[in-house]
Amino acid sequence: MAGALYGGQARRDPDALLHGSIARFSETPSLRGYLAQLYAISFWTGLPWLWRLQQPTLVLSDDDDPIVPVINGRILTWVIPNARLEIIRGGGHLFLLERPTELAALIATFLMAAE
């Protein structure tokens, strides 16, 4: 079920979520935190204000995410004036947790170039 929900590595390896940080499993999310997440994904959007961002912005998206399609990353890149889109090939919804070393290097390169 996790593969269908998250895509990416979880789709290819059903135990992939168990290989990451133990912090994800150490504490049960609070009801307040869960409800805040539901509110954020259901109603709130920052889209009307993103055009005001002036700093270089790295938008990370993935191409195997059933929850947040890559078109969302393309929209952000279109709206934010100085944005660059990086699509993580084979990445699912949890690509930051599945491939931390690769993503840390990508982010570090972006930050160094922005200086």
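The values are calculated or read from the model by the stated rules, or taken from the named source; none is laboratory data. Everything numeric in this text was worked out from a predicted model, so none of it was measured. Reconstructed Cβ throughout: ideal geometry from the backbone, glycine too, with neighbour counts over all protein chains shown.
For LEU111, indicate whether it is among the hydrophobic types (A, V, I, L, M, F, W, C), within 26 Å of GLN9 (Cα to Cα) and either surrounded by fewer than 16 Cβ atoms within 10 Å (Cβ to Cβ) or touching a residue at least 12 places away in the same chain (Cβ under 8 Å) (or both).
Judged against the criteria, LEU111 is not a match.
If I filter the stretch 12-34 for residues that are outside any helix (DSSP H, G or I), surrounded by 15 or more Cβ atoms within 10 Å (Cβ to Cβ), of a type outside the set (A, V, I, L, M) and at pLDDT 90 or above, do I get at least one hit?
no
With respect to ARG74, is the statement that it is part of a strand (DSSP E or B) and modelled with pLDDT of 90 or more true?
No, not satisfied.
Residues that are among the charged types (D, E, K, R), surrounded by 16 or more Cβ atoms within 10 Å (Cβ to Cβ) and under 21 Å from GLY7 (Cβ atoms): does the stretch 70-85 have at least one?
no
Could you go through the stretch 96-103 and let me know if any residue there is crowded, with 18+ Cβ neighbours inside 10 Å and assigned to a helix (DSSP H, G or I).
Within the stretch 96-103, one or more residues are crowded, with 18+ Cβ neighbours inside 10 Å and assigned to a helix (DSSP H, G or I).
Condition first: surrounded by fewer than 14 Cβ atoms within 10 Å (Cβ to Cβ), modelled with pLDDT of 90 or more and outside any helix (DSSP H, G or I). Can you find one or more residues in the stretch 56-66 that meet it?
no
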